[in-house]
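> Let me begin by handing over the structure; questions about it come next.
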Amino acid sequence: MQIFKSHSLLAIYHIIFAVLIYGILKTSGIEYIDKISLFYVCFLLTYLASYYLFKIKYKISFESISINLNKSVLIIPITSILLILFHLLYLGEFHAISAINLRTITEVIQLRRTITAESHYLVNYIASFNIKGILPFSLLALLILKKKKLYWIIFTLGSFYVFCLMQKSFIIVFLGPSLIYSLLKTRWLNVLKYSASISMVMISLVLIQNPEIRNPEISSAVENQKKSDVSNLETKSVFKKILHGLEKRILIIPGETISGWFKFIPKYLPYQNGSGYRLAKFITKKEHSNYAKELYPLMYPSYAQKGLKGNVNVASFMYDYANFGWKGFILSGLSMGLLFVFIELLFRNHLILKLSLNTIPVFLLSSQAITTALFSGGWGLMLILFFLFRKKENFN
């Protein structure tokens, strides 16, 4: 147990890495295992070496830095509410509700894409910071501080907000920290509430985004003669499809996507040599190239032929591979190992909050770059908020 307390993020990431390996083996065998092994070795060695240096030998700690903002922590949820209202007014409609009337998956995908594609990039960034950083931190803070009225406003408005944005992962990102906190504190009613809310939103979005599931074509003859039997079969079929879809999305697709990136890089798309990093263009003067977007028509040609556009997001270390090949795996292993040790130092003596605030972002490294997770992904913002409000009088 003591090992897990000291190396929580490392243990969690091993679960993620095992899922990635499983998906790769299922879709491409052992062809790419040796390549990602280089990343894993560099990551593990960096973590162990830096942990020994910074936490054991030199005993670096953030506990000595005293910051006390007291009740100003309540500014955060109020800010989050204002940002939600602004974004909903900016969008001008509740997209998930509008999608109920659509009859093809293509129409649904196009509608969902307009949420970000037709919005100003600053609006998208602010919304991302709120959904993935401010909003989940606010809900957890209000839960701990027992500010019930403001808590229920954030919980209700936030759940409806992320539902409207039609991204199934958003409800997990929003409620995940509070769910994990309640689970660790054995507050079972809260665990049930968050689990039920996550399930309801995800199932609703699956049904909304798959018109063929919620509107099956049934012949009039069958409908008249065996209506009850068909209804039972439909119900079973719907839940079976939902469970199968979730299983594939969680266990197979992350590893399958890695295989796809290996398949097309560098055979069809050359190494980016730094242009894959959005901020690097200010240093290298090269135009940013987004392989997550460029790979979409290669990996999903049937959707591309219908005029659909999208991103093929992948595990964090693959973005560095796309830039520098095998050297990118070394870079990724070094940066992730150092980041994990930094977080361990920051959350020293705060095990429950460490797990509550960092478990979901670590899991999301299976499908996004580490820089994205830290910046527009809101992880870095949550770390800053914890640093500012971590005093015992705020979070006891």
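> Given the criteria more than 30 Å from Gly310 (Cβ to Cβ) and either part of a loop (DSSP other than H, G, I, E, B) or within 22 Å of the chain's Cα centre (by Cα) (or both), does Phe39 qualify?
Spelling it out, it is not the case that Phe39 is more than 30 Å from Gly310 (Cβ to Cβ) and either part of a loop (DSSP other than H, G, I, E, B) or within 22 Å of the chain's Cα centre (by Cα) (or both).
> Let me ask another. Please enumerate the residues belonging to the stretch 145-198 that are among the small types (Gly, Ala, Ser), surrounded by fewer than 17 Cβ atoms within 10 Å (Cβ to Cβ) and farther than 30 Å from Glu107 by Cβ.
If the condition is that a residue be among the small types (Gly, Ala, Ser), surrounded by fewer than 17 Cβ atoms within 10 Å (Cβ to Cβ) and farther than 30 Å from Glu107 by Cβ, then Ser195 is the only one that fits.
> Can you pull out the residues in the stretch 261-279 that are open to solvent by 60 Å² or more (accessible area, probe 1.4 Å) and either assigned to a loop (DSSP other than H, G, I, E, B) or modelled with pLDDT of 85 or more (or both)?
Lys263, Pro266, Lys267, Tyr268, Pro270, Tyr271, Asn273
> Within the stretch 54-67, is even one residue among the charged types (D, E, K, R), assigned to a helix (DSSP H, G or I), within 24 Å of the chain's Cα centre (by Cα) and surrounded by 15 or more Cβ atoms within 10 Å (Cβ to Cβ)? Break it down into steps so the answer makes sense when it comes.
Of the stretch 54-67, the ones among the charged types (D, E, K, R) are 55, 57, 59, 63.
Checking the rest, the ones that are also assigned to a helix (DSSP H, G or I) come to 55, 57.
The next check asks that each one be within 24 Å of the chain's Cα centre (by Cα); those that pass are none.
No - not one qualifying residue is present in the stretch 54-67.
> Same structure, new question: Considering only the stretch 380-388, I want to know if a residue exists there that is more than 15 Å from Phe342 (Cα to Cα) and modelled with pLDDT under 90.
Yes: the stretch 380-388 contains one or more residues that are more than 15 Å from Phe342 (Cα to Cα) and modelled with pLDDT under 90.
> Can you pull out every residue in the stretch 106-122 that is aliphatic (A, V, I, L, M) and either surrounded by fewer than 16 Cβ atoms within 10 Å (Cβ to Cβ) or not in a helix (DSSP H, G or I) (or both)?
Ala117, Leu122
> Also, quick follow-up: For Gly29, only one of the following conditions fails: (1) modelled with pLDDT of 95 or more; (2) at positive phi. What is its number?
(1)
> Picking from Phe317, Phe329, which residue would you name as being touching a residue at least 60 places away in the same chain (Cβ under 8 Å) and over 21 Å from the mean Cα position of the chain (by Cα)?
One residue alone meets the criteria, Phe329.
> Being open to solvent by 20 Å² or more (accessible area, probe 1.4 Å) and either more than 18 Å from His14 (Cα to Cα) or part of a helix (DSSP H, G or I) (or both) narrows it down to one residue among Ser376, Ser367, Ser356; which is it?
One residue alone meets the criteria, Ser376.
> Moving on. Listed residues Gly337, Gly325, Gly307, Gly333; which is small (Gly, Ala, Ser) and more than 25 Å from Ser259 (Cβ to Cβ)? Quick ask: steps written out before the conclusion?
Details: Gly337 fails: more than 25 Å from Ser259 (Cβ to Cβ); Gly325 fails: more than 25 Å from Ser259 (Cβ to Cβ); Gly333 fails: more than 25 Å from Ser259 (Cβ to Cβ).
After applying the criteria, what remains is Gly307.
> Spot the failing condition for Lys286; the list is (1) open to solvent by 80 Å² or more (accessible area, probe 1.4 Å); (2) part of a helix (DSSP H, G or I); (3) under 22 Å from Ser376 (Cα atoms), and only one is missed.
Answer for Lys286: the failing condition is (2).
> Would you check which residues across the stretch 131-149 are part of a helix (DSSP H, G or I) and without any contact (Cβ under 8 Å) to a residue 60 or more places away in the chain and list them? I'd like the intermediate steps shown before the answer.
Of the stretch 131-149, the ones part of a helix (DSSP H, G or I) are 131-145, 148-149.
Listed by number, the residues that qualify are Leu135, Leu143, Lys148, Lys149.
> Within the stretch 74-105, count every residue that is touching a Gly at 6+ places or on another chain (Cβ under 8 Å) and either outside any helix (DSSP H, G or I) or surrounded by fewer than 17 Cβ atoms within 10 Å (Cβ to Cβ) (or both).
Residues of the stretch 74-105 that are touching a Gly at 6+ places or on another chain (Cβ under 8 Å), as a first pass: 80, 84.
Adding the requirement that they be either outside any helix (DSSP H, G or I) or surrounded by fewer than 17 Cβ atoms within 10 Å (Cβ to Cβ) (or both) leaves none.
Residues meeting the conditions: 0.
> Sticking with this one: Restricting attention to the stretch 2-18, and to residues there that are surrounded by fewer than 17 Cβ atoms within 10 Å (Cβ to Cβ) and either touching a residue at least 60 places away in the same chain (Cβ under 8 Å) or closer than 23 Å to Pro361 by Cβ (or both), which single residue is farthest from the chain's Cα centre (by Cα)?
So the residue we want is Ile3.
The values are calculated or read from the model by the stated rules, or taken from the named source; none is laboratory data. Keep in mind the model is a prediction, meaning the values are calculated, not measured. All Cβ positions, even for glycine, are placed from backbone atoms using ideal geometry, and neighbour counts span all protein chains on display. Note: areas computed on protein heavy atoms with side chains; ligands, DNA, RNA excluded. Shrake-Rupley method; radii C 1.70, N 1.55, O 1.52, S 1.80 Å.
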